[in-house]
Amino acid sequence: MRVMVLRKQNSIDISPLGMEEWNIPEPNEKELLVKVICCAICRTDLHIIEGELPPKRLPIIPGHQIVGIVEKIGNKCMKFKRGDKVGIAWLRKTCGNCSFCQTGKENLCENSLYTGYHEHGGYAEYTLIDEDYAYALPDNIEEAKIAPLLCAGIIGYRAWKKSEIKKGQILALYGFGASAHIILQIAKAKGAYVFVVSRKENHQKLARELGADWADNDPSKIPELPDASIIFAPNGNLIPPSLQYLKKGGKLVLAGIYMSDTPPLEYEKHLFYEKQIISISANTRNDGQDLFEEIKNIQIHTHIEKTSLENTNQILQRLKKGTLNGSGVVVID
Ligand SMILES: [Zn+2]
Ligand SMILES: [Zn+2]
């Protein structure tokens, strides 16, 4: 099978992923062998390739937003059969034994493993996954449009659940990238009002096109205080205004994996009146299952740009430069 392999961490600018011919792997008794249809690219790939994340395994095939078809199953697999469409995400394995795993918080597991980091990922014609960590995917969306949901979508969905927004309530989104544009569509489909705060005018325009009830760059102009807000932008300076312009008893959810430090907060202005701040750390399998259940009934529009396996370096270079229009997806032909 053809694979794109990282043998040594290096700047994406010198195209460190090399095309190689490897043997198709054999699934163990609990694993599925998946024929990859496509794999969406993610900023975390850049962190792994360029070395901001310490190497866990080299050589490694990166890629952790994989859609494919089950080709072969291990002899103890019970959940999937040959021909099923499955998704593979960043969270690859949890220990099941730590205090977090035992209490439904496997997103905080101390011993978790990740796809395309600890184990080979999806920039390849075939890949393996423990069937307990594969997602059953809906048939109503094109595979390349589901792939970007497997990282940004699942994390965003966890943030949405934590906001506990109900029909008729107001949700504010700060920053309008891949996660936010999916969550906007889910929130609107479930009858919430959605306000978007973004510095970029093209993002405000896209938010309005996707149904936002208000979009602007200035949170002080927000027409009505929201019941909850989610910050997607990695900017800690957004925390004080988003708390200031939040309803009493409201929730502020921080959806970014990384965020710059927050400036000092004033108790009366920002925190009093039972306002809550909730940070999001990765996701549980439940979050992913709930998202894919949800989108069976909601038509989600995702903007994608496709490329071929041999051009994986090039599309990652464009992600780094910020010249991609939508989510990049590597399609295996
Ligand atoms: Zn990712
Ligand atoms: Zn654990």
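Apart from one condition, N97 fits all of (1) within 22 Å of K76 (Cα to Cα); (2) away from ligand 2 (no atom under 16 Å from the Cβ); the exception is (2). In segment 197-238, how many residues are out of contact with any strand residue (DSSP E or B) (no Cβ under 7 Å at 6 or more places or on another chain) and within 21 Å of S281 (Cα to Cα)? The total comes to 4. The condition of being closer than 18 Å to N283 by Cβ and open to solvent by 20 Å² or more (accessible area, probe 1.4 Å) holds for K161. Considering I48, I14, the condition of being of a type in the set (V, I, T) and open to solvent by less than 80 Å² (accessible area, probe 1.4 Å) is satisfied by I48 alone. Within segment 288-328, the set of residues being at positive phi and either buried (at least 18 other Cβ atoms within 10 Å of the Cβ) or touching a strand residue (DSSP E or B) at 6+ places or on another chain (Cβ under 7 Å) (or both) comprises just one member, G326. Condition first: of a type in the set (S, T, N, Q) and open to solvent by less than 30 Å² (accessible area, probe 1.4 Å). Now tell me which residues in segment 233-253 satisfy that. Within segment 233-253, just S242 meets the criteria. Within segment 262-277, not a single residue is touching an Asp or Glu at 6+ places or on another chain (Cβ under 8 Å) and of a type outside the set (S, T, Y). Report yes if C77 is surrounded by 19 or more Cβ atoms within 10 Å (Cβ to Cβ), without any contact (Cβ under 8 Å) to a residue 24 or more places away in the chain and in contact with a helix residue (DSSP H, G or I) (Cβ under 6 Å, 6 or more places away or on another chain), otherwise no. For C77, the condition - surrounded by 19 or more Cβ atoms within 10 Å (Cβ to Cβ), without any contact (Cβ under 8 Å) to a residue 24 or more places away in the chain and in contact with a helix residue (DSSP H, G or I) (Cβ under 6 Å, 6 or more places away or on another chain) - is not met. For segment 98-153, the set of residues classified as acidic (D, E) and either more than 25 Å from I280 (Cα to Cα) or open to solvent by less than 30 Å² (accessible area, probe 1.4 Å) (or both) consists of E106, E125, D130, E131, D139, E142, E143, listed by residue number.
In segment 216-241, how many residues are closer than 20 Å to K188 by Cβ and within 23 Å of the chain's Cα centre (by Cα)? Matching residues across segment 216-241 total 5.
The values are calculated or read from the model by the stated rules, or taken from the named source; none is laboratory data. Predicted, not measured: the structure shown is a model, and the values here were computed from it. Note: ideal-geometry Cβ built from the backbone for every residue, glycine included; neighbour counts use all protein chains shown. Accessible surface areas use protein heavy atoms only, side chains included; no ligands, DNA or RNA. Shrake-Rupley method; radii C 1.70, N 1.55, O 1.52, S 1.80 Å.
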